[in-house]
Amino acid sequence: MRMLVISDTHVPQRARELPEQVWREVEAADVVIHAGDWVAEWLLDRIEDRAARLVAVYGNNDGPALRSRLPEVARVELAGLRVAVVHETGPAKGRAQRCDRLFPDAELLVFGHSHIPWDDVTPGGLRLLNPGSPTDRRSQPARTYLTATIARGRLDDVELHELPGRESR
């Protein structure tokens, strides 16, 4: 199963549109995970139309329309892997222990909010992934997203992709 992981798209505040490279990944993926801060409801509609499967949550910048359609936390099993998705996990300090406590039944936790790519494993064995943002690099050197594969309950081939050029704003 090919997985695309994105978050913090902030369309149209930080970009008018997702980069074309990300749209190609949406169409190639078996599942798209979006960890919140969509901002525009039409972006959710477009990703739902183009993705084979979407697992998504709302973020702190998402208004009532998105919050009525998306959960704060999503939990799914993908090819035997127990996955949780949430927008915010709190400060980096203490994140591993906090996530172990809050998501004891998950093997993978996808989160966003910081726009900082993150790939770590907690003391309890929970894999933590943050894809950064494909539209707003903030203090990071590049705009980013993640891809990975899942097979027989195992996460493999996790790759952080940097997008060329500047924001499309």
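What follows is calculated from the coordinates using simple rules that are stated; it is not laboratory data. All figures in this text were calculated on a predicted structure; none of them were measured in a lab. Positions of Cβ are generated from backbone atoms using ideal geometry, with glycine treated the same way; all protein chains shown enter the neighbour counts.
General remarks:
- The length gained on full extension between residue 41 and residue 60, counted as 0.36 nm times the residue separation minus their Cα-Cα distance, comes to 5.4 nm.
- Peptides 6-14, 50-58, 68-76 ranked from most to least packed give 6-14, 50-58, 68-76, packing being the mean of other C-beta atoms within 10 angstrom over each peptide's residues.
- Choice from 100, 157, 62 showing the highest fluctuation, given a GNM over the chain with Cα pairs closer than 10 Å: 157
- Cα pair count fraction exceeding 21 Å, expressed as % - the chain: 41 percent
- Among beta bridges from DSSP that stay inside the range 26-169, the antiparallel ones total about 65%.
- Taken over the Cα atoms of the range 84-169, the convex hull encloses 101 Å³ per residue.
- Summed residue charge, Cβ within 15 Å of residue 70's Cβ, Lys/Arg positive, Asp/Glu negative: -3
- Near-label residues of the range 104-138 by backbone N, under 17 Å of a point 7 Å along Cα→Cβ of residue 79: 107-110, 127, 129
- Cβ-based charge dipole, the chain, positive-most Cα from 58, 70, 91: 91
- For the range 31-127, the Rg and Dmax computed from alpha carbons only, in angstrom: 13.5, 39
- Ranking 81, 47, 106 by Cα position along the charge dipole of the chain, where only Lys, Arg, Asp and Glu carry charges on their C-beta atoms, puts 106 farthest toward the positive end.
- Taking Cα atoms only, the orientation of helix 41-50 departs from the longest principal axis of the chain by about 70 degrees.
- Residue by residue, the range 95-111 carries 3J(HN,Hα) couplings of 4, 4, 5, 4, 5, 4, 6, 7, 10, x, 8, 9, 9, 9, 10, 9, 9 Hz when phi is fed to the Karplus relation 6.51 cos²θ - 1.76 cosθ + 1.60 (θ = phi - 60°); x denotes Gly or Pro.
- Two-site label geometry, residue 21 and residue 69: point separation in nm, points 7 Å out along Cα→Cβ: 2.7 nm
- Net charge dipole, the range 56-164: roughly 240 debye, given to the nearest 20, about the Cα centre with Cβ charges of +1 for Lys and Arg and -1 for Asp and Glu.
- Sorted largest first, extent of the range 88-131 alpha carbons per principal axis (Å): 25, 16, 14
- Relative to the Cα centre, the charge distribution of the range 21-75, modelled as +1 at Lys and Arg Cβ and -1 at Asp and Glu Cβ, gives a dipole magnitude of about 100 debye.
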